[in-house]
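Peer 1: This is the structure I want to talk about, given as structure tokens.
The values are calculated or read from the model by the stated rules, or taken from the named source; none is laboratory data. Just so it is clear, the structure is predicted and the values come from calculations on it, not from any experiment. Note: ideal-geometry Cβ built from the backbone for every residue, glycine included; neighbour counts use all protein chains shown. The area values use the complete protein model at the heavy-atom level, side chains included, leaving out ligands, DNA and RNA. Shrake-Rupley method; radii C 1.70, N 1.55, O 1.52, S 1.80 Å.
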Amino acid sequence: MASKNGMFMHKGKPASIKEGLWWEEHCIRRQGGYDLDISNLPASFRWLPKGAVLAFNTENGMAMVVKTAKVYEAAEAGATTLKIEANDLIAVGDVIGGATISAISTEDGVSTLTVSTLEAAVEQGAVIADANAKGIILGLAYETTDLQDNDYPQVTPTLQAFEIEENTLPYPVNDDIKAGLGALHQFKIK
């Protein structure tokens, strides 16, 4: 693993990270790896968990993480705050659900986002996403990746995954993301 400080290897994996589950015997990974654009991730973000949604950044040819959030409390159009289930991907400056985040406070598993004016109402339980969800979805991160001391970590997206257990994914997904994943990604029927 190349790093800013020379060559060395980090060994280990966090003990308490939520990783996506699917039928591994029928999972197919995309050829090669993609450099991961980490510029849209919080500076303190250390581990990209297996199952995070990856999109293709057409501007730089790299993979990037699609940020999503599950709405905790409904909000009307024109609101300047939005409550979501706490999420370690979301950061000040992100545009999610069409609104720019200017501040975040978190308490008891709920984050209150101060946002630019919401253009449309959002329902409780809805999954909102950044604009990358409308881009070219590459797949789900095949494995958990350590981002420490690595300017361009490599990620391998899935090309096919069956019986994906949606509630095990590290971040919520919506219908647009599922459509972007395509027919080669099938979610488990409950």
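Peer 1: On the basis of being open to solvent by less than 50 Å² (accessible area, probe 1.4 Å), among the hydrophobic types (A, V, I, L, M, F, W, C), farther than 21 Å from residue 56 by Cβ and modelled with pLDDT of 95 or more, does residue 141 make the cut?
Peer 2: No.
Peer 1: Here is a further query. What number of residues within the range 106-119 are under 15 Å from residue 73 (Cα atoms), open to solvent by 50 Å² or more (accessible area, probe 1.4 Å) and in contact with a Ser or Thr (Cβ under 9 Å, 6 or more places away or on another chain)?
Peer 2: Adding up the residues that qualify gives 2.
Peer 1: Quickly run through the range 39-52 and pick out the residues that are farther than 26 Å from residue 105 by Cβ and open to solvent by 20 Å² or more (accessible area, probe 1.4 Å).
Peer 2: Across the range 39-52, the qualifying residue is only 50.
Peer 1: Still on this structure, please answer the following. Answer with yes or no whether residue 111 is at pLDDT below 95 and over 13 Å from the mean Cα position of the chain (by Cα).
Peer 2: Spelling it out, it is not the case that residue 111 is at pLDDT below 95 and over 13 Å from the mean Cα position of the chain (by Cα).
Peer 1: If you go through the range 172-190 one residue at a time, how many are under 24 Å from residue 60 (Cα atoms) and assigned to a loop (DSSP other than H, G, I, E, B)?
Peer 2: Matching residues across the range 172-190 total 1.
Peer 1: So, one more: Six or more apart or on different chains, Cβ atoms under 9 Å: show the pairs whose first residue is in the range 166-180 and in contact (Cβ under 8 Å) with a residue 40 or more places away in the chain and of a type in the set (Val, Ile, Thr) and whose second is part of a helix (DSSP H, G or I) and surrounded by 14 or more Cβ atoms within 10 Å (Cβ to Cβ).
Peer 2: From the range 166-180, the pairs are 173/133; 173/166; 173/181; 177/133.
Rundown of residues vs (1) open to solvent by 20 Å² or more (accessible area, probe 1.4 Å); (2) of a type in the set (Asp, Glu); (3) modelled with pLDDT of 95 or more, yes/no style:
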| site | (1), (2), (3) |
| --- | --- |
| 20 | no, no, no |
| 24 | yes, yes, no |
| 54 | no, no, yes |
| 92 | yes, no, no |
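Peer 1: Pairs under 6 Å by beta carbon, first residue over 27 Å from residue 93 (Cβ atoms) in the range 28-40, partner among the hydrophobic types (A, V, I, L, M, F, W, C) and at pLDDT 90 or above, six or more apart or different chains?
Peer 2: Matching pairs, first to second residue: 28/159; 30/159.
Residue-wise test of (1) touching a Lys or Arg at 6+ places or on another chain (Cβ under 7 Å); (2) open to solvent by 20 Å² or more (accessible area, probe 1.4 Å).
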| position | (1), (2) |
| --- | --- |
| 133 | no, no |
| 159 | yes, yes |
| 170 | yes, yes |
| 175 | no, yes |
| 189 | no, yes |
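Peer 1: To continue, here is another question. Residue check: is residue 152 part of a loop (DSSP other than H, G, I, E, B), in contact with a Leu (Cβ under 7 Å, 6 or more places away or on another chain) and open to solvent by 40 Å² or more (accessible area, probe 1.4 Å)?
Peer 2: Criteria met by residue 152.
Peer 1: Would you mind stating whether residue 129 is out of contact with any Pro (no Cβ under 8 Å at 6 or more places or on another chain), assigned to a strand (DSSP E or B) and at pLDDT below 95?
Peer 2: Yes.
Peer 1: Answer with yes or no whether residue 122 is in contact with a strand residue (DSSP E or B) (Cβ under 6 Å, 6 or more places away or on another chain), β-branched (Val, Ile, Thr) and buried (at least 16 other Cβ atoms within 10 Å of the Cβ).
Peer 2: Yes.
Peer 1: Here is a follow-up. Being exposed (fewer than 15 other Cβ atoms within 10 Å of the Cβ), within 19 Å of the chain's Cα centre (by Cα), closer than 21 Å to residue 170 by Cα and among the small types (Gly, Ala, Ser) is the requirement here; does residue 97 meet it?
Peer 2: no
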